[in-house]
Amino acid sequence: MNRLRFFMNGIDWMAVLVTLPILGAGLITMSSFSSENYFFSRQIIWILVALIIFFIASTIDWRFLRRTNAVVILYVASFLVLSALFIFSTAIKGAQSWFSLGLFAVQPVDLVKLILVITLAKYFSRRHIEIANYRHIVVSGLYALILFAVVALQPDFGSAIIIFLIWFGMVLVSGISLKHLAVVLGGGVVAFGILWFFIFAPYQKERILTFIDPTRDIRGSGYNAFQSMIAVGSGGLTGKGVGYGTQSRLEFLPEYETDFIFAAFAEEWGFVGSVLLFTFLGIVIWRIIAISARGSTNFETFFGIGVAVIIMAHFIVNVGMNIGILPVTGVTLPFMSYGGSHLVTEFLALGMVMGMRRYARPTHADVSSQELLGPA
C-alpha cells in the first residue's frame, strides 16, 4: 500500500490527464466513422504502449543520467543510429529516416531529440557559474550541429529544425550572454547571405523560396499547404462539426492524420476547439516547467525545460505550417498526430519528468556533488 501511494503521489496527474483530450481529439479527427480505419486502430495501440512506457519511466530513478559516461554513451549511440539510417533504412517520401521492422517502422530521430536534451542538460548544469563564456555557445552548438547535419542529410528538414530549436531554446534559459549568442546567429546570417548571392544556382534559390513559401507552387509542392489553409479558414468560429470536414473527409487534404491533423481538426471544431486544444497543450507545458523549477539539481531543471522546448517547438512549427506562415516540414503535433515513434518518445519524456519529480526538493539546489562526476 505504501509503495502504491508513493507511486501515485509521484505523478503530476494534471499534466497526465490533460493529454487525454488531446489524444481523443486526434483519434476522432483521424476516424472515418464509416469503415475500418487503419490509422485509428493502430493509434489506439500506440497510445496504450506509450502510456505503459510513461508509467514505467515514472518509477525509475534517473539520477544516473547525471554521470558523464552515461550521457556520452547515449550521445554516441544516437549518432551511430542516425548514421546507420543511410545503410539500413527504408526511404519514405524521399527521406531515409525510418527503420522498417515488418509490422511497423521506427523513426529514431524522435528519441535522438530527447538524448540531445539530456546532453545539453548535462553540459549546462555543470557550467552554470561560468556559462557566460563565449566558448559554451560554440561547444553546446557543436553537440547540436553534429546531429543536425546527419538529420538534414537524410534529408529530414523538419526534425533538423526541431534539433536547432532545442539547442536555441535551452541556450536562452542557460544564462549564456545574449550578446555572444547574437554574434553567433549574425555570423550564420552572413554565411547564408554569401551562399545566396555568390554560391547558390538559380534552381537552388527557387527550391529554397518554394520551401519557405509553398504557395509559390500550389499545384506542386505547395498543394498540401494550400489545402491546409483552406481547411483552417473554413472552420470558422465553431467548425463544421465532427465528421463533416470536407477537406479531410473527401481527401482534398493529404496526410490529415499526421502532418496536417491540426488543419483537419480546426475545420471540424473551429476557432473555439482550437483554443481548447492550445489550452490543453499549454497546461502540459506549464506543468513540466513548474516541475523542472523544483528539480533537485540544475540537471533536472534543464532537462524539464528541454522537454518543454521539444513540445513547444513541435507545436509552433506544426501549427505554423498548417496555417501557412511556416514552411511545410513534416513535423508532428504533440500527442495528436498519428505515429508511434513521436508518441512513445513524448510519454517517455513526460514519464522521466515524473520520475525526477519523486526526488525533487522543495527549493531548488544549484549544485549537486553528483553533477561533478567526470569530465564533460
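Each value in this text was obtained by applying a stated rule to the coordinates, not by laboratory testing. Worth saying up front: this structure is predicted, and the values here are computed from it rather than measured. A quick note on method: Cβ atoms are made from the backbone with ideal geometry, for glycine too, and the neighbour counts reach across all protein chains shown.
For VAL173 and LEU276, a Förster radius of 41 Å and the Cβ-Cβ distance give a FRET efficiency of 0.90, rounded to the nearest 0.05. Exposure proxy shown here: for THR68, THR29, the number of other Cβ atoms within 10 Å sets the order, fewest to most, as THR68, THR29. The slack between ILE316 and VAL189, meaning 0.36 nm per residue of separation minus the straight C-alpha distance, is 43.5 nm. In terms of other Cβ atoms within 10 Å, ASP213, ASP12, ASP61, ASP110 run from fewest to most in the order ASP61, ASP213, ASP12, ASP110.
Annotation: the residues MET14, MET356, sorted from fewest to most other C-beta atoms within 10 Å of their own C-beta, follow the order MET14, MET356.
Residue-wise HN-Hα couplings along segment 115-126, as the Karplus relation 6.51 cos²θ - 1.76 cosθ + 1.60 with θ = phi - 60° gives them from phi, are 5, 4, 4, 4, 4, 5, 4, 5, 5, 5, 5, 8 Hz; Gly and Pro carry x. Computed from phi, the 3J(HN,Hα) profile of segment 256-261 under the Karplus parametrisation 6.51, -1.76, 1.60 (θ = phi - 60°) reads 6, 7, 10, 5, 10, 5 Hz, with x in place of Gly and Pro. With both labels modelled 7 Å from their Cα along Cα-to-Cβ, the ALA290 to TYR359 distance reads 2.4 nm. Taking amide H positions as modeled 1.01 Å from N, with prolines and chain starts lacking one, the residues under 5 Å from SER97 and 5 or more places away or on another chain are ILE92.
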